[in-house]
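Since every read-out is calculated from the coordinates, none of them should be taken as a lab result. Since we're looking at a predicted model, the values are computed, not measured. FYI the Cβ positions are ideal-geometry reconstructions off the backbone, even for glycines, and counts take in every protein chain you see.
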Amino acid sequence: MIVILRPNTDENSVAFKKTWKFLEELNNIRLQKNIVEGKFQRLTEIYLFGDTAAVNQETVEALPAVERVVRISQEYRVLGRHKDSKRLTGFDYNGLHFDQETLNIFAGLCAVDSKESVELMMKALKENKLTCTRMGAYKPRTNPYSFQGHGKDCLPYVFELAGKYSIKVIAMEILHENHIREIDDALELTGRPTGVIFQVGTRNTQNFELLKAIGRQNEYPVLLKRGFGITLNESLNAAEYLASEGNSKVIFCLRGMKTSFSEPHRNMVDFSIVPALKRLTRMPVCIDPSHSVGSRETSPDGIPDIFHVTAQGVIAGANMILVDFHPEPAKALVDGPQALLLKELPKFIEDVKIVRQAYEKRRNLFKASKSVK
Ligand code: PEP
Ligand code: MN
């Protein structure tokens, strides 16, 4: 059961205190509070776990701070939609908004290999008016002898350069609970010139202890990648691990499924399920065309496969694009073959704009026919 309080309810108010006290005294019920920061309002939701069948909905609805009560199904309790279209989706972070309507492009390095490539990358982003990027400091590699990322050593210069080039948010994968602290310390040391979204990679989608540790903090949002060899339900439950610990600022990322049937692409592109994800959950949906396709190959129409696949996600309503670029792909230490060139960035942005406009037109077409009914 979710108890949704009136917008902007103050936790020190009498109404809040009375409501909380009543709920707290219910038998066999555990409470968890969740703050949802929307564009225009701040909503407090109280989740009731346990023997909720015995709780009288009308009594709870009559409590002073309560706006309404939603009974939820077992699946994806916090992040699911539960047929309640009025619940807010998304969150604000570091001056940007992320929800199921917005579209943010995170173009950047798969892995930070040198200060020079970070600077060239960020300079190109600024020139193209982008304020988000990806920068891998900790890399999960198949081969233990491969480059593992510069780790915490590169963080100070990555964050300082982000400040210099007005980057507001960096998607950065973390592999261990300790990395939360390392990133937080480096941001503090450099005066918090930028923000970070913690990325959980496909290999760690079901690393439950890592998910719980990330979920226990509420400052940094999370980009959770779909597991490459598990069901969608299992991946969505992984997202719910984050939310069940208190962090519901979660973006769900599709990055392709592992199967040899996807050849010549690296993974089987699964962007057709963007709309289904938006229906099942309240999470913004990200697509990662780079790790799906895995190469810079171009088809006879002159359009690179990565652009084509990006378009498939955007036309389906994707809310974020995570894409690899590199100033000199031949010298990249990780995933060079799939990195787009900096000179391709303006075209990438333009192409996304064209497709996004087409999506918006499609959406309006259906909105219009809905209101005719
Ligand atoms: C990445 O985005 O750098 C990455 C390792 O992706 P994935 O977890 O999808 O393989
Ligand atoms: Mn990669």
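Which loop-located GluC sites (Glu not before Pro) does the stretch 285-350 contain, where loop means any DSSP state but H, G, I, E or B and the Cβ has at most 14 other Cβ atoms within 10 Å? Mind showing how you got there, number by number?
Details: sites: Glu297, Glu344, Glu350; in loops: Glu297.
Sites meeting the loop and neighbour criteria: Glu297.
Among Ala311, Ala65, Ala339, which one shows the biggest mean-square fluctuation in a GNM of the chain, springs joining Cα atoms closer than 10 Å?
In the Gaussian network model the winner is Ala65.
Positive end of the charge dipole of the chain (Lys, Arg +1 and Asp, Glu -1 on Cβ, about the Cα centre): tell me which of Pro193, Gln100, Gly294 has its Cα farthest that way.
Toward the positive end, the furthest listed residue is Gln100.
In nm, what is the difference between 0.36 nm times the number of residues separating Gln41 and Leu365 and their Cα-Cα distance?
Values: separation 324, 0.36 × 324 = 116.64 nm, distance 2.88 nm.
Using 0.36 nm per residue and subtracting the Cα-Cα distance, I get 113.8 nm.
When the chain is treated as a GNM, springs tying every alpha-carbon pair under 10 Å, which of Asn12, Asn207, Asn247 comes out with the largest mean-square fluctuation?
Result: Asn12 has the largest fluctuation of those listed.
Under a cut-off of 23 Å between alpha-carbon atoms, report the lysines in cross-link reach of Lys126, not counting same-chain residues fewer than 8 places apart.
Those lysines meeting the cut-off are Lys115, Lys164, Lys168, Lys331, Lys343, Lys347, Lys353.
Charges on Cβ only, +1 for Lys and Arg, -1 for Asp and Glu, centred on the Cα centroid of the stretch 2-87; of Val66, Gly50, Val36, which one is farthest towards the dipole's positive end?
The listed residue farthest towards the positive side: Val36.
Would you compute, from DSSP H runs of 4+ residues alone, the mean residue ellipticity of the chain at 222 nm, taking -39500 (n - 2.57) per run and dividing by the full residue count, rounded to the nearest 500? Intermediate results must be reported in sequence, preceding the final value.
Values: 11 runs with 123 residues, N = 373.
Taken over the chain, the calculation gives -10000 deg cm²/dmol.
Using +1 at the C-beta of Lys and Arg and -1 at the C-beta of Asp and Glu, which of Leu242, Ala318, Phe261 has the Cα lying farthest in the positive direction of the dipole of the chain?
Selected residue: Ala318.
About its Cα centre, what dipole magnitude does the stretch 103-372 give when the only charges are +1 on Lys and Arg Cβ and -1 on Asp and Glu Cβ, stated in debye to the nearest 20? Numbers along the way, then the final one.
Details: 35 positive and 30 negative charges, 200 e Å.
I would put it at about 960 debye.
How big is the antiparallel share of DSSP beta bridges in the stretch 103-372, given as a percent to the nearest 5?
On the way: 2 of 30 bridges.
Of the beta bridges lying entirely in the stretch 103-372, close to 5 percent run antiparallel.
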